[in-house]
Amino acid sequence: QVQLVESGGALVQAGGSLRLSCAASSSIRSINSMAWYRQAPGKQREFVAIIISGGSTNYASSVKGRFTISRDDARNTVYLEMNSLKPEDTAIYYCRAIFTAKPYWGQGTQVTVSS
């Protein structure tokens with residue numbers, strides 16, 4: 001089993017930056033993939049970015065070029081660096097890990113971007 005704890009959410013002005021963190025209770029070297037999702041009020045949860053065990057990454061088209069996902073194996077932590085934030089990036093951001101073919105989710109962290 002894996003427990004995930006997100007942090008770093010905040011209120012920020014449009015054009016600003018934030019870095020979200022997702023700390024895992026297990027070594028992320030043993031986790032197949034880790035991803036960020038987000039859910040805005042009244043909308044479905046949507047994919048944001050993913051990093052797989054080999055280090056490959058993929059992004060939603062809406063964030064490509066602005067967001068960067070990375071990992072620190074020594075800290076068992078995955079990060080989401082968010083730049084050039086827009087009001088439409090406002091959402092609760094969730095971390096998801098795939099471990100032994102099962103998905104695990106964190107509790108989420110709120111990101112609010114004011115115009």
Does residue 81 qualify as being of a type in the set (D, E, K, R) and touching a residue at least 40 places away in the same chain (Cβ under 8 Å)? yes
Against the definition (in a loop (DSSP other than H, G, I, E, B) and in contact (Cβ under 8 Å) with a residue 12 or more places away in the chain), how does residue 70 come out, yes or no? no
Among 35, 49, 23, which is the only one that is over 16 Å from residue 83 (Cβ atoms), in a strand (DSSP E or B) and without any contact (Cβ under 8 Å) to a residue 60 or more places away in the chain? 23
Which of the residues that make up segment 17-57 are among the small types (Gly, Ala, Ser) and crowded, with 16+ Cβ neighbours inside 10 Å? 21, 23, 24, 33, 35, 49
Pairs with Cβ under 6 Å, 6+ apart, first in segment 3-19 and under 11 Å from residue 84 (Cβ atoms), second of a type in the set (Phe, Trp, Tyr) and surrounded by 14 or more Cβ atoms within 10 Å (Cβ to Cβ): none
State all residues of segment 73-87 that are touching a Ser or Thr at 6+ places or on another chain (Cβ under 6 Å) and open to solvent by 60 Å² or more (accessible area, probe 1.4 Å); if no residue qualifies, say none. 81
Given the condition in contact with a helix residue (DSSP H, G or I) (Cβ under 8 Å, 6 or more places away or on another chain) and either within 19 Å of residue 114 (Cα to Cα) or open to solvent by 60 Å² or more (accessible area, probe 1.4 Å) (or both), answer yes or no: does some residue in segment 88-98 qualify? no
Is at least one residue of segment 59-72 of a type outside the set (Phe, Trp, Tyr), closer than 17 Å to residue 109 by Cβ, open to solvent by 30 Å² or more (accessible area, probe 1.4 Å) and over 10 Å from the mean Cα position of the chain (by Cα)? no
Residue in segment 100-115 that is farthest from the chain's Cα centre (by Cα), counting only those that are surrounded by fewer than 18 Cβ atoms within 10 Å (Cβ to Cβ), touching a residue at least 24 places away in the same chain (Cβ under 8 Å) and part of a strand (DSSP E or B): 114
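The values are calculated or read from the model by the stated rules, or taken from the named source; none is laboratory data. Given the structure is predicted, the values throughout are model-derived calculations rather than measurements. Cβ atoms come from the backbone with ideal geometry, glycine included; neighbour counts cover every protein chain shown. Side chains included, ligands, DNA and RNA excluded: accessible areas come from the protein's heavy atoms. Shrake-Rupley method; radii C 1.70, N 1.55, O 1.52, S 1.80 Å.
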